[in-house]
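Right, one structure below, let's go through it.
Derivation of every value follows stated rules applied to the coordinates shown; laboratory data play no part. The shown structure was predicted, so the numbers you read here are calculated from the model rather than taken from an experiment. Every residue, glycine as well, gets a Cβ built from its backbone with ideal geometry; the counts of neighbours run over all protein chains shown.
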Amino acid sequence: MLKISKFSLSVALISILSMNPTMVLANSGDNLSPAEIKKLKEVFKFSDQHIEDLIEDGLVQEYLSMEKPVVSKKEEYYELTSQANGEVEVEQLTKSEFDIRVAENQDANEQKEGDGETGLISTLGYDVEDRHDYITLETWFIYDEDNWDAQASARFEFADNSSTYGFTKADLYDDILAIGVSQNARLIPGSEDFSLKYRLYGFNGEYDKYGNPIFEWYSDSKSARKADLRDEGGYAFNVKYPSLNNNRRQYIKNIRGYMKVDVEPEGSSWGGKRYDVWSHYLHTQYKIHWSGSVSIPLGGSIAFEYEDDVQKITGHTSERIRD
């Protein structure tokens, strides 16, 4: 019987993902037609990675089944600079600035790796240099004119800035992903959903023929169906990153997170009003104590008890629904 190692499968998967994304989607298990892929991309404004994740989670038909979707989406781009003293600075960028800086940072890190350096901010807990990371925050308001259902959703994704390594334990914080809505709408309890997806590098539990442990990248995910916070103006999930051990050469990259909540109008029906959705990504430097520290008041804003110690990234979109 032919035996294929996990490493070979990983290489094959990387080769597949480097192909034309439309070809990958067209050959996925869902057998999406070109028209369906076009709808997901042009109507809902989902990226190829987003669509692949929806297929993996069995959620793609939820959107394809909408006959008359009204979709509002906004993307925001940010640079996070982790300094050697532990502080993190946040700067909002345009799309072109974001693309340029990601490319420049990746080139610099690949050069370091070529010179035998890791390009990481931390080595076994000791800070060696500033680290620049880049995050995209996407916000949606989706309304189905056919059955009047509506959804607020958010997505974040960290750009991979190194060809080899990702985040270590020292780089990860106790972060929050949240959604808030305007005062003329409300989120429906029990409808919220969250998922965190990433690739991990570490010991896979197997050894080569010489008895050496095998390290490789593999995909993993976490999910939750109940928000850690339900407030009058929105819901929030704690982004619980997996535990990493720097001494065991564990890293994480290709990080993206998803959150969605069903929405209903504050009045008896939709129509004739503008509805707002805010997404929030909070990047903190310590363990969060949820009680009394985080709140989302009416209007979709987010409040944090320790404002000096949190980096707040906010996205916003709105849509006027016709009578």
When ILE51, ILE255, ILE214 are arranged by how many other beta-carbons sit within 10 Å of their Cβ, fewest first, they go ILE214, ILE255, ILE51
Straight-line reach check, LYS38, cutoff 12 Å on alpha carbons, 8 or more apart in-chain or any other chain, hits among aspartates and glutamates -> ASP48
Row for region 68-321, column shape: gyration tensor on C-alpha, a ≥ b ≥ c, rounded if a/c < 1.5 i.e. under 1.5, prolate if a/b over b/c, else oblate; value prolate
Put in order of increasing Cβ neighbours within 10 Å, starting from the fewest, GLU52, GLU42, GLU76 give GLU42, GLU52, GLU76
Given pairs LYS68/LYS312; LYS39/LYS226; LYS95/LYS222; LYS74/LYS169; LYS73/LYS312; LYS226/LYS312 and cut-off 24 Å on Cα-Cα distance, the over-length ones are LYS68/LYS312; LYS39/LYS226; LYS95/LYS222; LYS74/LYS169
Given backbone amide H placed at 1.01 Å from N, residues whose amide H is under 5 Å from that of ARG186, ignoring those fewer than 5 places away on the same chain, are GLU264, GLU266
Note: ARG322 to GLU91 extended length (0.36 nm per residue) minus current alpha-carbon separation gives 79.6 nm
Between ASP48 and TRP290, the two model label points (7 Å from Cα along the beta-carbon direction) sit apart by a distance in nm of 3.7
By Cβ neighbour count within 10 Å, fewest first, TYR198, TYR207 rank TYR207, TYR198
Taking 0.36 nm per residue of separation between ASN246 and ASP149 and subtracting their Cα-Cα distance, the length gained on full extension comes to 30.3 nm
